[in-house]
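The values are calculated or read from the model by the stated rules, or taken from the named source; none is laboratory data. Note that this is a predicted model, so its numbers are computed, not measured. Ideal geometry is used to build each Cβ from the backbone, glycine not excepted, and the neighbour counts take in all protein chains shown.
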Amino acid sequence: MYILGVSAFYHDSAACLLRDGHIVAAAQEERFTRRKHDPSFPANAIEYCLAEAGISADDVELAAFHEKPLVKFERAMETFQAIAPHGMGAFVRGVPGWFQEKLRFADVLRARIGYRGPVIHASHHESHAASAFFLSPYAEAAVLTIDGVGEWATNALGHGSGNRVVLQEELRFPHSLGLLYSAFTQYLGFRVNGGEYKVMGLAPYGEPTHVDTILGRLVDLKPDGSYRLNMPYFAFLKGESTVEESFGALFGAPPRGQEDALEQIHLDVARSIQEITNEILLRQASHLHALTGADALCMSGGVALNSVANGRVLREGPFRQVWIQPAAHDAGSALGAALVAWHHHLDQPRISGGMDGMQGALLGPEFDERECELALKARGLEAARLEPAALDAEVARRLSQGEVIGWFQGRMEFGPRALGSRSILADPRGEDVQRQVNQRVKFREGFRPFAPAVLAEEASSWFDLPGGASPYMLFVVPVTESRRLVVDETGLEGLDRLHLKRSEIPAVTHVDDSARVQTVTASAHPRLHALLQAFKQETGVGVLLNTSFNLRGEPIVCTPEDAVASFLASGLDALALGPFLLERPIGAEPTGKCPPPPVVPIDPRTNAARLFGVSIAAMALVTSHFSGGWDGSVRSVLFASVAWVALLVAVVRPAWLGRVQRGLESVVRGFLRGLVALMAAGVYLQVIVPLGWIRRRGGRDLLEQKVDPECASYWSPVRGISDNYTRMY
């Protein structure tokens, strides 16, 4: 039985396909469209999943969506009522999308791919929980989900056993750790839903001098890890920004501009919010352990990608084992929705056998030698073809000599991390490698740290990693004392400590002597494991710097064409593309920006353009006939000329008609958008604003959920958001 899972319309759209409960394929839409965090309907990802299985939409028996749109719409409308009369711009921009797509997923799915079967909707945090527990190696586990917001929940605690995940407690919008972290992301001058990694990487350069300010003025944190935000300081309800002007006054500095220099205040604020995040997750883990009594913990949701906090939970928390969904963000909820359909809706048993069900997260497309060769020929490039062992040995030799190499092998990873299929690799021993890769290859901020990929059998000799495994690069842990170097930091602070040699592998050791580790096994990542062994044979070190194969602001490469384009635009020294090793062409200067994907030109001799010309001719003839016939007058001659010209152009120059047709369509679409915006503004003024006033008078406003120092806990029982956990459409 085939089940299609989909997440879409907000950010990181994705699709996955299950066959009898096992993952066949999964991919994010951004990898195909080259639009980072693409929120659109994942038509390309779905097409890939079906092609990987060798089936069509007719063979899919059940489809699942990752949330309940009607409940989310309810939350959106209550939010607009709470902030009225502010927020009209966001309402006018957002409401058409609700009625075009967000509330009509089943209709969109059927129209776009021709699917005719039933559709179910799982709740958002149920999808996250299912993606974490059902794919983990545990028969029983506690489950923690935490992100920006789903329908109403922002944070949920539960328990998984057998083929069921039950969420027990939740925190509700607008009180959200994900939105809190995003607010600080914007305050520090980084982009929300993309710059959070930068805050995490910046934090070790600062001091936690603002922790008391955050806990005293912005967040009321309880001993059990529940919290509420002091909403007058936040603006994310209005949709225009995340923080109010008063937010910056708490720290004595206005929000940083994206191109402004990083100062000590920014480093200290980053460190402070990271410490708060660590503390919240540690407290929640302790509360959840007491609630469930489980020995293992599974985590998902966007905040679960915070590898620094994850490392603290792993080392200091009460659970003996911790497993985190590698696609913990919204893309992974496509997996969760499909698993909810399989286990909860169809009541199918879980057959995990104590194994990791993510298959190393290598769930995306794979390209053969012929496709790699065609990508090279399309650019007029020639590359040496090597057998796998010879390729590994040559790449290892080049890496040991200081080269930085693109590595494109096997199936693409699912999730935000490159795990050795679409990677940029370098020697971690080089003192200047971090700066070179950041600035010359990826064209990004110099403070950004890199992750080590290490042979799993040698991980314990390099890193203090409880449990010895971190296959998905989701835990930050210390480098072992035996591998560290004595560093003189006298007189240095903040970013001045950026390039101090702190260990035997300085390129992957952060300023706080930590590293975001990926342990590599031959079973999960055979090609990267073989390369690591070759590098160890060459150098005696079984560790490589591993970062994603992309340039700043772009998604990870998907196809051989993407890889070649990124290679030419970057400062990479060589590219291992399947069996081919491509050296940098002489005179090819890195630009730091891949050219946009080629726009496939519309064939001017299409039936649509010709039909448009015939339609013009027919309209001219019919109009002439009914307005007086063919009497030889100027009018009839004019109409006849129009008809003949339209027919002639349709045959000889249909491209002209195509341009006219697209221009008219653009005018009509613009008119309709303006009309819809006008109607939406009317609804906002005549309905939303009065309802908001009534709700505030009745004390039922979202902003009335104030911090309460006397309250022992903000956890609430999970709210039933429909008569069943899924609803058929």
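Structure data summary
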quantity: Selection count where residues are touching a residue at least 12 places away in the same chain (Cβ under 8 Å), surrounded by 14 or more Cβ atoms within 10 Å (Cβ to Cβ), part of a helix (DSSP H, G or I) and not aromatic (Phe, Trp, Tyr), scope region 90-111; calculated: 10
quantity: Unmet criterion (only one of (1) closer than 18 Å to residue 329 by Cα; (2) part of a helix (DSSP H, G or I)) for residue 5; calculated: (2)
quantity: Meets criteria (over 23 Å from the mean Cα position of the chain (by Cα) and assigned by TED's automatic domain parsing to the domain that holds residue 562) for residue 428; calculated: yes
quantity: Set 187, 205: member being under 25 Å from residue 83 (Cα atoms), among the aromatic types (Phe, Trp, Tyr) and touching a residue at least 60 places away in the same chain (Cβ under 8 Å); calculated: 187
quantity: Region 430-440: number of residues that are crowded, with 22+ Cβ neighbours inside 10 Å and either in contact with a Ser or Thr (Cβ under 8 Å, 6 or more places away or on another chain) or charged (D, E, K, R) (or both); calculated: 1
quantity: Search result, residues across region 652-671 that are surrounded by fewer than 13 Cβ atoms within 10 Å (Cβ to Cβ) and either modelled with pLDDT under 70 or touching a Leu at 6+ places or on another chain (Cβ under 6 Å) (or both); calculated: 652
quantity: Strands (runs of 3 or more DSSP E) enclosed by region 156-270 - at least 3 residues per element that are out of contact with any helix residue (DSSP H, G or I) (no Cβ under 9 Å at 6 or more places or on another chain) and of a type in the set (A, V, I, L, M); calculated: none
quantity: Filter result for residue 129 (part of a helix (DSSP H, G or I), in the same structural domain as residue 320 (by TED's automatic domain parsing) and touching a residue at least 60 places away in the same chain (Cβ under 8 Å)); calculated: yes
quantity: Residues of region 347-359 satisfying the condition of being among the small types (Gly, Ala, Ser) and in contact with a Leu (Cβ under 7 Å, 6 or more places away or on another chain); calculated: 357
quantity: Residue within region 551-558 that is under 21 Å from residue 382 (Cα atoms) and free of Cβ contacts under 8 Å to residues at least 60 places away in the same chain present; calculated: no
quantity: Filter result for residue 531 (within 22 Å of residue 392 (Cα to Cα), assigned by TED's automatic domain parsing to the domain that holds residue 406 and either assigned to a loop (DSSP other than H, G, I, E, B) or touching a helix residue (DSSP H, G or I) at 6+ places or on another chain (Cβ under 8 Å) (or both)); calculated: yes
quantity: Selection from region 14-41 of residues that are farther than 18 Å from residue 550 by Cβ and either touching a helix residue (DSSP H, G or I) at 6+ places or on another chain (Cβ under 8 Å) or in a helix (DSSP H, G or I) (or both); calculated: 15, 16, 17, 18, 19, 21, 23, 24, 25, 26, 40, 41
quantity: Selected residue [surrounded by fewer than 23 Cβ atoms within 10 Å (Cβ to Cβ), in contact with a Leu (Cβ under 7 Å, 6 or more places away or on another chain) and either modelled with pLDDT of 90 or more or among the aromatic types (Phe, Trp, Tyr) (or both)] from 63, 57; calculated: 57
quantity: Some residue of region 350-359 being of a type in the set (Asp, Glu) and surrounded by fewer than 23 Cβ atoms within 10 Å (Cβ to Cβ); calculated: yes
quantity: Residues that are outside any loop (DSSP other than H, G, I, E, B) and closer than 17 Å to residue 548 by Cα, drawn from region 517-528; calculated: 517, 518, 519, 520, 527, 528
quantity: Boolean, residue 86 is assigned to a loop (DSSP other than H, G, I, E, B) and either in the same structural domain as residue 417 (by TED's automatic domain parsing) or modelled with pLDDT of 90 or more (or both); calculated: no
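Matching residues to (1) more than 27 Å from the chain's Cα centre (by Cα); (2) part of a strand (DSSP E or B):
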site: 436; (1), (2): no, no
site: 439; (1), (2): no, no
site: 443; (1), (2): no, no
site: 453; (1), (2): no, yes
site: 473; (1), (2): no, no
site: 486; (1), (2): yes, no
site: 496; (1), (2): yes, no
site: 515; (1), (2): no, yes
